[in-house]
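Enquirer: Sending over a structure as structure tokens; questions will come in a sec.
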Amino acid sequence: MRAPEFWYTPPDAPGIRARFLAPLGAIYARATAKRVRQESSYHLGIPVICVGNINAGGTGKTPAVIALVQHLQQRGMSPFVVSRGYGGSLEGPVEVSEKSHTYQKVGDEPLLISAFTRIWIGKDRAAAAKAAEKAGADVIIMDDGHQNPLISKDISIVIVDAVKGFGNGKCIPAGPLREPVQAGFERADFLVSIGPDKAQNAFEKTWKSVITIPHLRGVLAPLETGMDWSGTRFLAFAGIGHPEKFFYTLQSLGADLVKSEALDDHQPLTPSLMARLENEALLLGAQMVTTEKDAVRLPSGFRQKVLTLPVRLELNGWDQIDAALDRVGRS
């Protein structure tokens, strides 16, 4: 389901619909506050880094998890991931396997992350974390869960899309927030905004008065694969939080984007949907292309027909995260 446009009006001019829904947003915020005040039920014997968000919807959290995994691996560590497994049917806890699981069972994001490290999913994330710790992790990365109190966190990182920011600054359903920004920052150690410089500058100008924690900047950069994207006609489709970011990235690489199909986040890529897209691509003389997260949801008959554009998070500030992790290790 696509987010309402009025969620992303300026915070100083939220509009009539947001003001009308603000009382419901206040109720939602109180419910979140009540939930996060619960005492954490489980303290792991190893550090836990939570990569979460204050917004509902896509902020770049999955690329951030992958970047953190790779960074810690370069430090010689064994980071395993724990996730809710959004969209999957398994209760868990279960370790995700690229070979034996489908996205219908474990969710598309865990299936993508499993290509980079071991990952456990489960509705009871404390049980999933225990399984990961027992399997030999020396640090747990909690995928999402900033509002989940069941695991004690040592470092909490809030991810935000610099283009969208915190929208109109109001809570669901009046705006895109799971909780007020200030409340989310009270439990966070770092804010990571993801986007190009122009968007970063605008984000900081709008929200600098409420940013009370170290603020790091990152950008999603296409992974060098040797692919020449220029001079080719493409039909692009994406079922992520903000598909327009994917389309912009393709165009910035010189791709001739003759059609852009924005799907709902996590939308199933059914054979009938893919057949329609394939027929449209043939009529347009275009090559189909999608994101890494969407690619794990492709029906088997289409996996050789669709190109994938992988992106990676480039982050300024790894030294600050390393220093925080070293302090946790000494405590």
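The values are calculated or read from the model by the stated rules, or taken from the named source; none is laboratory data. Values in this document were obtained by computation on a predicted structure and should not be read as measured data. So basically every Cβ, Gly included, is an ideal-geometry build from the backbone, and we count neighbours across all protein chains shown.
Enquirer: Considering only the range 12-33, how many residues are within 23 Å of the chain's Cα centre (by Cα) and not hydrophobic (A, V, I, L, M, F, W, C)?
Expert: 3
Enquirer: Output the number of residues of the range 1-56 satisfying the condition of being of a type outside the set (S, T, N, Q) and over 30 Å from P79 (Cα atoms).
Expert: 31
Enquirer: Moving on. For N55, only one of the following conditions fails: (1) surrounded by fewer than 20 Cβ atoms within 10 Å (Cβ to Cβ); (2) in the same structural domain as F190 (by TED's automatic domain parsing). What is its number?
Expert: (1)
Enquirer: If you don't mind, another one. Just checking, how many residues over the range 279-322 are in a strand (DSSP E or B), surrounded by 13 or more Cβ atoms within 10 Å (Cβ to Cβ), within 21 Å of the chain's Cα centre (by Cα) and not acidic (D, E)?
Expert: 9
Enquirer: Which fully enclosed strands (runs of 3 or more DSSP E) of the range 171-269 have 2 or more residues being out of contact with any Leu (no Cβ under 7 Å at 6 or more places or on another chain) and surrounded by fewer than 18 Cβ atoms within 10 Å (Cβ to Cβ)?
Expert: Per the criteria, 256-262.
Enquirer: Can you find, within the range 85-120, the residue that is surrounded by the fewest Cβ atoms within 10 Å (Cβ to Cβ) among those that are closer than 29 Å to D326 by Cβ and among the β-branched types (V, I, T)?
Expert: T117
Residue-wise test of (1) in contact with a strand residue (DSSP E or B) (Cβ under 9 Å, 6 or more places away or on another chain); (2) within 21 Å of E109 (Cα to Cα).
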{"position": "P299", "(1), (2)": "no, yes"}
{"position": "R303", "(1), (2)": "no, yes"}
{"position": "E314", "(1), (2)": "yes, yes"}
{"position": "G317", "(1), (2)": "yes, no"}
{"position": "I321", "(1), (2)": "yes, no"}
{"position": "V328", "(1), (2)": "yes, no"}
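Enquirer: Of all residues in the range 272-294, count the ones that are hydrophobic (A, V, I, L, M, F, W, C) and free of Cβ contacts under 8 Å to residues at least 40 places away in the same chain.
Expert: 5
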